[in-house]
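Trainee: Quick one: the structure is below, questions incoming.
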Amino acid sequence: LLIYNTCSIRDLAERKVMGKLGKLGRSKTRRAIIGVTGCMAMAKKESLFRKMPHVDFVLGTNNLTDLNLVLDEVLETGKQSLKVDDQFEENLNYLVAKRDDPVKAYVSIIRGCDKFCTYCVVPYTRGQEVSRPPESIEEECRMLVDQGYKEVTLLGQNVNSYGKDKPEWNCLFHDLLYRLDKIPGIERVRSMTSHPTDITINLMQAVRDLPSLCEFVHFPIQAGSSRILKKMHRIYTKEQYIEKVEQFREILPSVNLGTDIIVGFPTETEEEFLETYDIFKQIRYSVAFIFTYSPRKGTPAFRWKDDIPQEVKDDRLQRLLSLHDSITQEQRQDMLGQEIEVLVEGRNKNNQLKARTRCWKNVIFEGSSDLIGTLQTVKVHSYSHQTLLAGPVGELILPSSKLALASSNL
Ligand code: SAH
Ligand code: SF4
């Protein structure tokens, strides 16, 4: 049984799956049962069977619980099966997830998105926002902590909207975080992903006050020009965004911010791109996902001419990537000599322990396998390109002139 769980957010993701499916269709050996789930299933529905006649089933994101039914149908009748309901199944049994990662767990808290950014396919493939009852989230988190998990990442297309669709619950996103923080043994709580408009003062204070909540917040700007932001329907201006970041840094100066950026949105000029570049430099994001604009069928922006040539998009992407690189390099340099808390996730291919800081930085150090899944304090002594190199607390720090040498050898 082969299941392709797909993403529709950019054209490249779709093309990769279509390429793989096409290859399977040409294979002469006996085939497995092939199914397509996820957002491509929602967007393409039965048209997937026309393009890929060897696909056995297409299962939408609201039909996860129908998987066994669909498999029985395919096995018994040998016919193709399609289950793609647009209506969200409210009573999903979330507690059955099987996890491979023994250290970090992902927990779904809200599905769908009501924002309708003009470039984005998510509101059409995932439907409107539906929050999961807080009791069910708490139950899953308690269960995970009992099983030894130290870190929980709360998932949603827009986690900050949590609870707005269910005012009767009286539990917004920050309320949920306060509830989860009370679970004994919960060490780290993160979330992904968010919309700046819904980042409230209450949430900023929660990041400052709750011991379990990591001091890293994803704060996706998408573009630095207010004209482009308006065209994207992001419902904030550049000034409002910056003001919010300043407010956050007043409440918690050490907060680390992440972002998503789209370059080459229709009509984006060089000057407007430079506004994005300057804001990036000013805010000094520690994590950034940068994309070139990809027109998606069914979105409002699809009707506009995709007028920025691919070379210009790629050039803007490269400039932001190198800026991001130099900023994160400086951030690593600033951490030299610091003692930091890390969660040990496993071993890398060189058999060293790999771990993460609360703010998502990669760290490697030597140690025994007993440390996997535990929180440790280590001291940063140098860094390679993307990774902090650490050792036991109390270790001697190399003089800075040798650091460049040490890191260039790694
Ligand atoms: N809800 C989050 C983002 C979820 S989608 C938010 O509002 O920020 C993840 C990221 O994919 C987006 O932040 C955006 O940067 C990128 N993305 C979405 N649609 C895209 C498109 N058509 N072309 C290029 N990037 C896109
Ligand atoms: Fe897409 Fe995020 Fe905008 Fe929703 S808020 S439409 S998920 S980019």
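The values are calculated or read from the model by the stated rules, or taken from the named source; none is laboratory data. The structure displayed is predicted, hence computed values, not measured ones. Reconstructed Cβ throughout: ideal geometry from the backbone, glycine too, with neighbour counts over all protein chains shown. Quick note on the areas: whole protein, heavy atoms, side chains included, nothing else; ligands and nucleic acids left out. Shrake-Rupley method; radii C 1.70, N 1.55, O 1.52, S 1.80 Å.
Trainee: Pairs, please: C-beta under 9 Å, at least 6 apart or cross-chain, first residue free of Cβ contacts under 8 Å to residues at least 40 places away in the same chain and in the range 376-388, second among the aromatic types (F, W, Y)?
Mentor: Once the first residue is free of Cβ contacts under 8 Å to residues at least 40 places away in the same chain and sits in the range 376-388, its partners that are among the aromatic types (F, W, Y) give Q376/F365; V378/F365.
Trainee: Considering only residues that are open to solvent by 70 Å² or more (accessible area, probe 1.4 Å) and not in a helix (DSSP H, G or I), which ones fall in the range 38-57?
Mentor: Answer for the range 38-57, where residues must be open to solvent by 70 Å² or more (accessible area, probe 1.4 Å) and not in a helix (DSSP H, G or I): E46, P53.
Each row is one residue, and each column tells you yes or no for (1) polar (S, T, N, Q); (2) part of a loop (DSSP other than H, G, I, E, B); (3) modelled with pLDDT under 95.
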site	(1), (2), (3)
E90	no, yes, yes
F116	no, yes, no
C120	no, yes, no
R142	no, no, no
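Trainee: Look at the range 239-255 and say how many of its residues are under 23 Å from the mean Cα position of the chain (by Cα) and either of a type outside the set (A, V, I, L, M) or assigned to a helix (DSSP H, G or I) (or both).
Mentor: The qualifying residues number 7.
Trainee: For residues that are within 16 Å of ligand 2 (Cβ to nearest atom) and among the small types (G, A, S), scanning just the range 1-37, find the one that is surrounded by the most Cβ atoms within 10 Å (Cβ to Cβ).
Mentor: S8
Trainee: List every residue pair whose Cβ atoms sit under 7 Å apart, with the two residues 6 or more apart in sequence or on different chains, where the first one lies in the range 7-30 and is closer than 19 Å to K45 by Cβ and without any contact (Cβ under 8 Å) to a residue 24 or more places away in the chain and the second, anywhere, is among the aliphatic types (A, V, I, L, M) and within 16 Å of ligand 1 (Cβ to nearest atom).
Mentor: Hits for this filter: V17/M40.
Trainee: Here's another thing I want to ask about it. Could we say that R249 is open to solvent by 20 Å² or more (accessible area, probe 1.4 Å) and among the basic types (K, R) here?
Mentor: Answer is yes for this residue.
Trainee: Follow-up question, since we're still on this one. Taking into account only those residues within the range 166-196 that are assigned to a loop (DSSP other than H, G, I, E, B) and open to solvent by 50 Å² or more (accessible area, probe 1.4 Å), which is nearest to ligand 1 (Cβ to nearest atom)?
Mentor: L172
Trainee: For the range 125-140, which residues satisfy the criterion of being within 28 Å of R296 (Cα to Cα), more than 9 Å from ligand 2 (Cβ to nearest atom) and not in a loop (DSSP other than H, G, I, E, B)?
Mentor: Answer for the range 125-140, where residues must be within 28 Å of R296 (Cα to Cα), more than 9 Å from ligand 2 (Cβ to nearest atom) and not in a loop (DSSP other than H, G, I, E, B): T125, V130, S131.
Trainee: Just for the range 325-342: of the residues that are among the polar types (S, T, N, Q) and open to solvent by 50 Å² or more (accessible area, probe 1.4 Å), which one is farthest from A355 (Cα to Cα)?
Mentor: Across the range 325-342, the extreme among qualifying residues is S326.
Trainee: Okay, next question. Is it true that some residue in the range 143-152 is within 16 Å of ligand 2 (Cβ to nearest atom) and buried (at least 16 other Cβ atoms within 10 Å of the Cβ)?
Mentor: no
Trainee: Which pairs have Cβ atoms under 6 Å, sit 6 or more apart or on different chains, and link a residue in the range 171-187 that is among the small types (G, A, S) to one that is assigned to a helix (DSSP H, G or I)?
Mentor: Going by the 6 Å Cβ cut-off, the qualifying pairs are G185/V145.
Trainee: Looking at (1) among the hydrophobic types (A, V, I, L, M, F, W, C); (2) open to solvent by 60 Å² or more (accessible area, probe 1.4 Å); (3) within 11 Å of ligand 2 (Cβ to nearest atom), find the lone condition where L82 falls short.
Mentor: Unmet condition: (3).
Trainee: Got at least one residue in the range 58-68 being of a type in the set (A, V, I, L, M, F, W, C), at pLDDT 90 or above and crowded, with 18+ Cβ neighbours inside 10 Å?
Mentor: Yes, there is a match, as at least one residue in the range 58-68 is of a type in the set (A, V, I, L, M, F, W, C), at pLDDT 90 or above and crowded, with 18+ Cβ neighbours inside 10 Å.
Trainee: Kindly indicate whether any position in the range 203-216 is more than 30 Å from V342 (Cβ to Cβ) and surrounded by fewer than 19 Cβ atoms within 10 Å (Cβ to Cβ).
Mentor: No, there is no match, as no residue in the range 203-216 is more than 30 Å from V342 (Cβ to Cβ) and surrounded by fewer than 19 Cβ atoms within 10 Å (Cβ to Cβ).
Trainee: Any idea how many residues of the range 295-315 are out of contact with any Gly (no Cβ under 7 Å at 6 or more places or on another chain), under 30 Å from N362 (Cβ atoms) and either aliphatic (A, V, I, L, M) or open to solvent by less than 20 Å² (accessible area, probe 1.4 Å) (or both)?
Mentor: Within the range 295-315, residues that are out of contact with any Gly (no Cβ under 7 Å at 6 or more places or on another chain), under 30 Å from N362 (Cβ atoms) and either aliphatic (A, V, I, L, M) or open to solvent by less than 20 Å² (accessible area, probe 1.4 Å) (or both) number 0.
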